[in-house]
Amino acid sequence: MNARLPHARSQRGITLIGLVFWAVLISSVALLAMRVIPTVNEYLTIKRVVTRIASSGASTVPGIRAEFDKIKSVEYAISTISGEDLDVTKDNDRIVISFAYAKEIDLFGPVALLIRYNGRSQ
């Protein structure tokens, strides 16, 4: 007779291979996030600064670039671009400041991630 006991349950859980798989997957995602989030923060800071300068009423290209460099010297998050990297144009009597740059993030060994950021004032 092969009767089952009413309180007996089959074993459930995660195997060692499953545990290692999930540990590697979660640590890889965490590593990627820790490397990418500071660059996204820098991009958002640059975009905020560029929008503030464009709406402040600065009128000359050298003045706009000097204002960006002055803010960059105070703002610790901006390190990739300078005032010389900004493209300043006029659109319907509004100043539009645009920028574009590439950020290479070393992950491990020969593996790197290249992110291209571009933005403009609103």
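What to note about this one:
- Whole-number D in µm²/s for the chain (Stokes-Einstein; Kirkwood sum over Cα pairs; 10 °C, 1.306 mPa s): 87
- The H on the amide N of A58, modeled in the peptide plane, is under 5 Å from the matching H of no residue at least 5 residues off or on a different chain.
- Rounded to 10°, Cα long-axis angle of helix 61-74 versus longest principal axis of the chain: 40
- Computed per residue of the chain from DSSP H runs no shorter than four, each worth -39500 (n - 2.57), the mean residue ellipticity at 222 nm is -16000 deg cm²/dmol.
- Under 5 Å from the amide H of V96 lie the amide H atoms of T89, K90, D91, each residue being 5 or more positions distant or on a separate chain, with H modelled from the backbone and absent for Pro and chain starts.
- Excluding exposed DSSP-loop trypsin sites (Lys or Arg not before Pro) (at most 11 other C-beta within 10 Å), longest clean stretch of the chain: 13-122
- Partner lysines for K103 [C-alpha distance under 22 Å; skip if fewer than 8 residues away on the same chain]: K47, K72
- Helix 16-56 and the long axis of the chain differ in direction by around 20°, with both axes built from C-alpha atoms.
Every read-out reported here was derived from the displayed coordinates using simple, explicitly stated rules and does not represent laboratory data. Being a predicted model, the structure only gives us computed values, none of them experimental. Reconstructed Cβ throughout: ideal geometry from the backbone, glycine too, with neighbour counts over all protein chains shown.
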